[in-house]
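Here the structure comes first, spelled out in structure tokens, and everything after it is commentary.
What follows draws every value from the coordinates through simple rules; no lab data is involved. This is a predicted model, so every value here is computed, not measured. FYI the Cβ positions are ideal-geometry reconstructions off the backbone, even for glycines, and counts take in every protein chain you see.
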Amino acid sequence: MAWVVVVVAAKGLKLERYGVEIKAYSLVYKNKQVQSVLTKILGRTRRGIRVFADVSVIAGFIMMGFAFWFLLDNVSKFFIAPTDFSELTVL
């Protein structure tokens, strides 16, 4: 239900002109400055593409590890020490 509100609000405010793209279950903000820097870096050498891809994969694994740790930590707090439990709301 919350996603419907986000989509309707974004369409009503016409956020596409500010670089915000909304599709089914995805919200993307495209920054022209960041995109131009990446295009310059990745356009020079194939090595830049490889380094960027490798760093992205490593960052993805680190973020997944943190999310998994957060989930396990929160579940253990729920069962062991309910006062330390951090309730999450999924939109």
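Under the rule that an exposed site lies in a DSSP loop and has at most 12 other Cβ atoms within 10 Å, name the longest stretch of the chain with no trypsin sites (Lys or Arg not before Pro) of that kind, not counting the sites themselves. Provide the component values of the computation, followed by the final result.
Values: sites that count: Lys14, Lys30.
After excluding every exposed loop site, the longest remaining stretch is 31-91.
Build a GNM of the chain with springs between Cα atoms under 10 Å: which of Gly48, Gly12, Gly60 gets the top mean-square fluctuation?
Taking springs between Cα atoms under 10 Å, the residue moving most is Gly12.
Mind checking which of Thr39, Ala10, Ala59 is farthest towards the positive end of the chain's charge dipole, using Cβ charges of +1 (Lys, Arg) and -1 (Asp, Glu) about the Cα centre?
The one lying farthest along the dipole's positive direction is Thr39.
Top mean-square fluctuation among Ile41, Ile58, Ile80, Gaussian network model of the chain, C-alpha springs under 10 Å?
It is Ile80.
For the chain, what does the helix formula give at 222 nm: sum of -39500 (n - 2.57) over DSSP H segments with n ≥ 4, over the residue count, nearest 500 deg cm²/dmol? Write out the running numbers ahead of the final one.
On the way: 3 runs with 60 residues, N = 91.
Calculated at 222 nm, the ellipticity per residue is -22500 deg cm²/dmol.
For the chain, compute the number of Lys pairs whose alpha carbons are separated by less than 20 Å, excluding pairs fewer than 8 positions apart on the same chain.
8
Please report, in debye to the nearest 20, how large the charge dipole of the chain is about its Cα centre when each Lys and Arg carries +1 at its beta carbon and each Asp and Glu carries -1 there. Don't skip to the answer; put the middle values down first.
Numbers: 12 positive and 6 negative charges, 175 e Å.
Taking the Cα centre of the chain as origin, the dipole is about 840 debye.
Counting only other residues whose beta carbon sits under 12 Å from that of Ala53, what net charge do I get with K and R as +1, D and E as -1? Each step should come with its number before you reach the end.
Values: positive: Arg46, Arg47, Arg50; negative: Asp54.
Net charge in that neighbourhood comes out at +2.
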